[in-house]
């Protein structure tokens with residue numbers, strides 16, 4: 001059954017409208033006709049069995065006929081990824097794969113050594129579309145937020161909303177990652193800071209440590225920026241029994 005996210009809060013009996021790319025996919029690609037079944041997820045993570053009622057070129061109307069039980073595919077860990085924006089389309093890869101792993105929020109990070117600078121609205125919207133598509137593909141109940149780009153200082157300020165803050169740095173003490181993760185105890189809201197291709201500067205590392213970040217090593221080999229986020233998220237989930 002095809003799945004679609006619809007913003008808002010709904011109940012059985014409501015009719016929702018799919019427009020834009022969702023309408024094109026349903027009407028033009030899947031060739032839906034009235035009576036076809038689709039799954040609808042609303043802004044409160046409620047799942048509904050829907051029936052297509054009207055099909056148009058730019059709009060498809062779906063009636064919600066029954067509420068489905070929660071899929072329970074969301075991770076108990078709420079991980080916010082502040083990702084140093086890399087060159088080219090590497091950020092596309094980071095967004096797709098970390099959404100699949102369960103990231104709760106993705107923050108494009110503009111740090112001192114970032115080659116890519118402030119991103120335009122079109123690129124932000126592209127990352128949001130990729131996050132939505134990845135969430136649908138892997139059966140998630142929520143679409144992770146992709147925020148506007150933040151400076152390093154603004155990203156550090158997000159630490160106040162979290163139980164722990166982790167920042168891989170190539171000059172951090174070389175201790176096993178498993179031991180370092182144990183240090184954050186049962187923290188459930190975790191902010192992960194990943195540097196760009198050039199890594200974080202010493203000044204940024206010192207500022208992060210002063211703000212309460214735990215500076216950690218990801219092993220003896222220097223990982224690419226698009227690899228580091230995936231490795232750390234997978235380790236966090238695995239050590240908490242969620243993989």
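The values are calculated or read from the model by the stated rules, or taken from the named source; none is laboratory data. Given the structure is predicted, the values throughout are model-derived calculations rather than measurements. Virtual Cβ from ideal backbone geometry, glycine too; neighbours counted across all protein chains shown.
For the subset of segment 210-222 comprising residues that are touching a residue at least 12 places away in the same chain (Cβ under 8 Å) and part of a loop (DSSP other than H, G, I, E, B), which member is surrounded by the most Cβ atoms within 10 Å (Cβ to Cβ)? Of everything passing the filter in segment 210-222, 213 is surrounded by the most Cβ atoms within 10 Å (Cβ to Cβ). Residues in segment 188-226 that are closer than 22 Å to residue 88 by Cα and modelled with pLDDT under 95: 195, 196, 197, 198, 199, 200, 201, 222, 223, 224, 225, 226. Apart from one condition, residue 62 fits all of (1) in the same structural domain as residue 186 (by TED's automatic domain parsing); (2) over 30 Å from residue 156 (Cβ atoms); the exception is (1). Of all residues in segment 36-74, those that are part of a loop (DSSP other than H, G, I, E, B) and under 27 Å from the mean Cα position of the chain (by Cα) total 11. Within segment 97-122, track down each residue that is part of a helix (DSSP H, G or I) and crowded, with 17+ Cβ neighbours inside 10 Å. Matches in segment 97-122: 97, 98, 99, 101. Within segment 167-184, the residues that satisfy the criterion of being out of contact with any strand residue (DSSP E or B) (no Cβ under 7 Å at 6 or more places or on another chain) and either surrounded by 15 or more Cβ atoms within 10 Å (Cβ to Cβ) or part of a loop (DSSP other than H, G, I, E, B) (or both) are 170, 171, 173, 174, 175, 176, 181.
State whether one or more residues within segment 185-202 are at positive phi, in contact with a strand residue (DSSP E or B) (Cβ under 7 Å, 6 or more places away or on another chain) and either surrounded by fewer than 17 Cβ atoms within 10 Å (Cβ to Cβ) or in the same structural domain as residue 94 (by TED's automatic domain parsing) (or both).
No, every residue in segment 185-202 fails to be at positive phi, in contact with a strand residue (DSSP E or B) (Cβ under 7 Å, 6 or more places away or on another chain) and either surrounded by fewer than 17 Cβ atoms within 10 Å (Cβ to Cβ) or in the same structural domain as residue 94 (by TED's automatic domain parsing) (or both).
Take segment 1-23 and flag every residue that is assigned to a loop (DSSP other than H, G, I, E, B) and surrounded by 12 or more Cβ atoms within 10 Å (Cβ to Cβ). Answer for segment 1-23, where residues must be assigned to a loop (DSSP other than H, G, I, E, B) and surrounded by 12 or more Cβ atoms within 10 Å (Cβ to Cβ): 2, 6, 10, 12, 14. Filtered by the rule that a residue be within 12 Å of residue 82 (Cα to Cα) and in contact with a helix residue (DSSP H, G or I) (Cβ under 7 Å, 6 or more places away or on another chain), segment 117-165 gives 146, 148, 152, 156, 165. Of the residues making up segment 75-92, those that are surrounded by 15 or more Cβ atoms within 10 Å (Cβ to Cβ) and assigned to a loop (DSSP other than H, G, I, E, B) are 75, 77, 85, 86. The lone criterion from (1) under 17 Å from residue 83 (Cβ atoms); (2) part of a helix (DSSP H, G or I) left unmet by residue 206 is number (1). Give the residues of segment 167-184 that are in contact (Cβ under 8 Å) with a residue 24 or more places away in the chain, over 24 Å from the mean Cα position of the chain (by Cα) and either within 23 Å of residue 238 (Cβ to Cβ) or not assigned by TED's automatic domain parsing to the domain that holds residue 157 (or both), sorted by residue number. Of everything in segment 167-184, those that are in contact (Cβ under 8 Å) with a residue 24 or more places away in the chain, over 24 Å from the mean Cα position of the chain (by Cα) and either within 23 Å of residue 238 (Cβ to Cβ) or not assigned by TED's automatic domain parsing to the domain that holds residue 157 (or both) turn out to be 170, 172, 173, 174, 175, 183.
Return yes or no: is residue 229 in contact with a helix residue (DSSP H, G or I) (Cβ under 6 Å, 6 or more places away or on another chain), in a helix (DSSP H, G or I) and under 30 Å from residue 47 (Cβ atoms)? Yes, satisfied.
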